[in-house]
Structure formats: structure tokens, C-alpha cells
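The values are calculated or read from the model by the stated rules, or taken from the named source; none is laboratory data. All figures in this text were calculated on a predicted structure; none of them were measured in a lab. Cβ atoms come from the backbone with ideal geometry, glycine included; neighbour counts cover every protein chain shown. Heavy atoms of the whole protein, side chains included, go into the accessibility calculation; ligands, DNA and RNA do not. Shrake-Rupley method; radii C 1.70, N 1.55, O 1.52, S 1.80 Å.
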Amino acid sequence: MVGVLIIFSTGANASIGVNYGTLANNLPPPHQVAEFLLHSTVINRIRLFDADPQILRSFAHTGIAVTVTVPNDQIPHLTNLSFAQQWISNHIQPHFPSTNIIRILVGNEVISTANHLFIRNLVPAIQSLHTALVSVSLHRRIQISTPHSLGILSDSTPPSSAKFRRGYDTHVLKPLLSFLRTTDSPLVVNPYPFFGYSIDTLDYALFRPNPGLFDQHSKVLYTNMFDAQLDSVYSAMDRLGYSDVEIVVGEIGWPSEGDEGQIGVDVSTAAEFNKNLVARVNSGIGTPLMPNRTFETYIFALFNENLKSGPTSERNFGIFRSDLTPVYDIGILRPTVRTSNPENNPRSPPVGGSSEKRWCVTKSGAETVALQRNIDYVCGLGLDCRPINENGPCFFPNTVKAHSAYAMNLFYQTMGKHEFDCDFDKTGEITKIDPSYGSCEYQAGPFV
């Protein structure tokens, strides 16, 4: 599937995401989507399946983390270092750090395409793109990975017997996993219980009570298909010696409408699946082979997409309609939001180039530990940090960087707006650009 991925959470440890697909002729413009996500939902990360400059500009100064994707047909070209460096120069550097780009995905389900040119060049392209990031000192700020369908597996039932497909295991996936381990990046997989269920296994796919699947080798009883799919991936990784690499679920979802006579495809079933999925992921239980883990899991999709080809279900994976009203609720709207119209809560436009006002913000590249110390120091002085507390107007985006910027500016303004009041051990800088957004207002006064 193709779209944009968005991660959302009610707390600091975001784990559930949603795809923002764009194959439709009735979707709101990107700036309106950005407003909606920022003000009306708890979503704080998105992933694009391209590097659309309009979308990247729309999410600038929102604090929302962004993942971009290089299309499959660019993979062979990326093996040339100069091309990879030009790609970074054209698609990343014009937007970073104003847009919080955190990850680049090279291609999408490349092995499943069976295109040997793409497959053969996948890992070299990833390595070349990483070298390009190193050359501009962004390799510690931006991860690189590539998403896979479960077609990379063979013998996946029971989960303990799963392994990667012969040939691809040693020539593609082993060097890929080695790269991911070295760069502390995740393996991204797209499991879909929807595409794996039958009438007999519908309850198993939907997390309902069911007899389950007993794995004779591991002696584990699997009670849902999601756990079994993830443990199949884990078993295959373990066989190659890479069980320590993190797993991110890139796509998973359930349609709300299907073709006539299709069993288990309706609004209530889609809502049931996604609610149960969110509860399972956020429980922190993990899976039988990966206990006590919370996986980043991206639901497909944000919108229904009326231009997608294929069966009816392909056009009806969305949790929102194009007018931003929910198809069903899975808990991503902010509690105070009772309308989906983002015009009711517009973001204040940045005030650029003022000669009379200054703000203190976090310096690009500042370490998270140092920024947390800034928060602790300022709030420990008794200054009013309530806006960055939960339910405060500046709580979202719920990141140390965003909270620190607010606290540092609060201190700077309170102490008299002297340049040294924004030093914070070299982690702060003064700007003329108003960092305020929506109902989050950064204090400011005349520059002295």
C-alpha cells in the first residue's frame, strides 16, 4: 500500500501510527491536514511515501516528526554516491530542521516486486544514502531503513519455523540487518491479518476469543494473528543472528467496506480490529517471543482513497473521511475536540523578521539530556510551566525539544531578555521568528 504514515500517542512513548494516503481527488490540502493533526488529534509523527515538498513545507514548525521515502525506481541511481548526495541536497536539506525529518525509507516492499534490478541494488543504495548523510553530518539525526511485506518469509506457520526466503536471506536481508544494527535503525515490516484471514480464522485475526494456534516447537499458544506474524519475523531474524534489531510495523489495518458478500468487512469490524490492535500494542505485553515490548505500529489509513484500484476494500481503509469526520473512533481525537473542522482552531502564523521582539529556542543539534536539564532548571525555579504539562496548550508536540524551547523562552523573557539568559550551556539561540502555534503562545516583549 502507498500513503503517508502518522504516529500518535496519548503520552511520551508514541507507539501507534496511521498512514495518510494521498491516492484520492477529494482530500484536504496538506496545510489543512497539518492543522488538523496538530490541533485536533494526538498524532505527532507522519511518514510520507515520497518527499513531496508541499507536504514537507506544510509540516514545518509543527514539531511533528516526518519520515520520507525514496521511490523504488530511484534505487539503482542511489548506488551512485553523487546522486545520493544530490538527493539529500534536493529533498532533505531545504526542509531540515524546520521540518522535523527523522527517517528515510528506501523503496517500499522491494523484494515483493520481484524486480531483480531493484532488489540487487537495495542494500548498496541504502549504504550510499547513509554515506551521503554522513557527508552533511545528518547520520545521527536521520535513520535509514526499508519496509517489507511478509512475503519475505517462508514456512511462517508455526512462527518458530519461520525463515527468510532462500537466496534473499543471505544476499539481501543479512547485509540489511547488519546495516540496521550498526546504525541503530529498525526493520520495517507490513503485516496484514486482513489479507491472511479466512472465515474460520476471523476471530483469530480480530483479537476475539478463539481456540488459537499452538506452536509445537516453542510450546506457545497464539491467540491472535498479529502476535504470530511478528514472532515469525523475529524467528527469521534470529536464525540469521539479528534478533536484537528493533521491529517497526509499517502498515496494518482493516477496511470498513468491501465487495458484496465479503465476510467481516464493515464499519464495526474495522473499528473492532483497530481498537483491539491499539489496546494490544499499548499494553506493553509484547509477543510470546518478544515479551514486554511496545512496537511502533502504523495503522492504514488516515483517509479513504477513492482513486485506488482493485477491490472496494482498497478504497475504504480510512479512519477519516475526506471532510475530516471520523468513519469510526479509535481514540486519536483530542478529548476537547468535538468537531473535525480545523478552521475552528487555526494555528497562529509565525511572525517573521520582527525588529522589536525576540524569542529563545533550542539550538539545532542540542542533546536531549541537556534539554531535559533546561526544563528541570526553569520549572524548578517556580516559573509557570503549566502550559507544557499534560492538557496544557503547549503539551503537544510531547517532546523534550519542544517543551525545552518553551521553558527556555519563559526564562529568557522573565529574566530580562539578555543574550546570556538564552545561553543554557550553548543549547539555546535567539530568534526573531515567533515559535507560537495554535493556542500555544510563547511569551515575548520588546528587545532590550
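Observations on the model:
- Members of region 260-278 that are touching a helix residue (DSSP H, G or I) at 6+ places or on another chain (Cβ under 9 Å), under 15 Å from residue 199 (Cβ atoms) and either outside the structural domain of residue 321 (by the TED database) or not small (Gly, Ala, Ser) (or both): 262, 263, 265, 269
- All of (1) surrounded by fewer than 21 Cβ atoms within 10 Å (Cβ to Cβ); (2) of a type outside the set (A, V, I, L, M); (3) within 18 Å of residue 246 (Cα to Cα) hold for residue 158 with one exception: (3).
- Search result, residues across region 21-45 that are part of a strand (DSSP E or B) and open to solvent by less than 20 Å² (accessible area, probe 1.4 Å): 41, 43, 44
- Subset of region 287-307 (residues that are free of Cβ contacts under 8 Å to residues at least 40 places away in the same chain and either touching a Ser or Thr at 6+ places or on another chain (Cβ under 8 Å) or among the aromatic types (Phe, Trp, Tyr) (or both)): 293
- Annotation: residue 214 fulfils all but one of (1) open to solvent by less than 70 Å² (accessible area, probe 1.4 Å); (2) touching a strand residue (DSSP E or B) at 6+ places or on another chain (Cβ under 7 Å); the unmet one is (1).
- Here 310, 261, 241, 284 are screened, and the one residue that is under 23 Å from residue 48 (Cα atoms), open to solvent by 10 Å² or more (accessible area, probe 1.4 Å), free of Cβ contacts under 8 Å to residues at least 40 places away in the same chain and small (Gly, Ala, Ser) is 310.
- Region 360-398 - residue that is outside any loop (DSSP other than H, G, I, E, B), charged (D, E, K, R) and farther than 20 Å from residue 440 by Cβ and, of those, most open to solvent (accessible area, probe 1.4 Å): 373
- Flag if residue 198 is under 30 Å from residue 321 (Cα atoms), exposed (fewer than 15 other Cβ atoms within 10 Å of the Cβ) and of a type in the set (Ser, Thr, Tyr): yes
Conditions tested, residue by residue: (1) among the aromatic types (Phe, Trp, Tyr); (2) without any contact (Cβ under 8 Å) to a residue 24 or more places away in the chain; (3) in the same structural domain as residue 167 (by the TED database); (4) touching a Leu at 6+ places or on another chain (Cβ under 9 Å).
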site: 23; (1), (2), (3), (4): no, no, yes, yes
site: 54; (1), (2), (3), (4): no, no, no, no
site: 69; (1), (2), (3), (4): no, no, no, yes
site: 87; (1), (2), (3), (4): yes, no, no, yes
site: 130; (1), (2), (3), (4): no, no, no, no
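Residue by residue, here is whether (1) at pLDDT 90 or above; (2) assigned by the TED database to the domain that holds residue 227 holds:
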residue	(1), (2)
308	yes, yes
326	no, yes
329	no, yes
371	yes, no
407	yes, no
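- Flag for residue 185 being open to solvent by less than 30 Å² (accessible area, probe 1.4 Å) and part of a loop (DSSP other than H, G, I, E, B): yes
- Elements of type helices (runs of 4 or more DSSP H) in region 75-135, at least 2 residues being of a type outside the set (A, V, I, L, M, F, W, C) and open to solvent by less than 50 Å² (accessible area, probe 1.4 Å): 116-135
- Annotation note: of 102, 43, the sole residue that is of a type in the set (A, V, I, L, M, F, W, C), out of contact with any His (no Cβ under 8 Å at 6 or more places or on another chain), farther than 19 Å from residue 143 by Cα and modelled with pLDDT under 90 is 43.
- Members of region 46-60 found to be modelled with pLDDT of 85 or more and assigned to a loop (DSSP other than H, G, I, E, B), listed by number: 50, 51, 52, 60
- Close pairs (7 angstrom Cβ cut-off, 6 or more residues apart or separate chains): among the polar types (S, T, N, Q) in region 357-373, assigned to a loop (DSSP other than H, G, I, E, B) anywhere: 362/427; 364/97
- Cross-chain or 6+ apart pairs with Cβ under 6 Å, region 319-330 first and in contact (Cβ under 8 Å) with a residue 24 or more places away in the chain, then of a type in the set (S, T, N, Q) and assigned to a loop (DSSP other than H, G, I, E, B): 322/26; 324/340; 327/256
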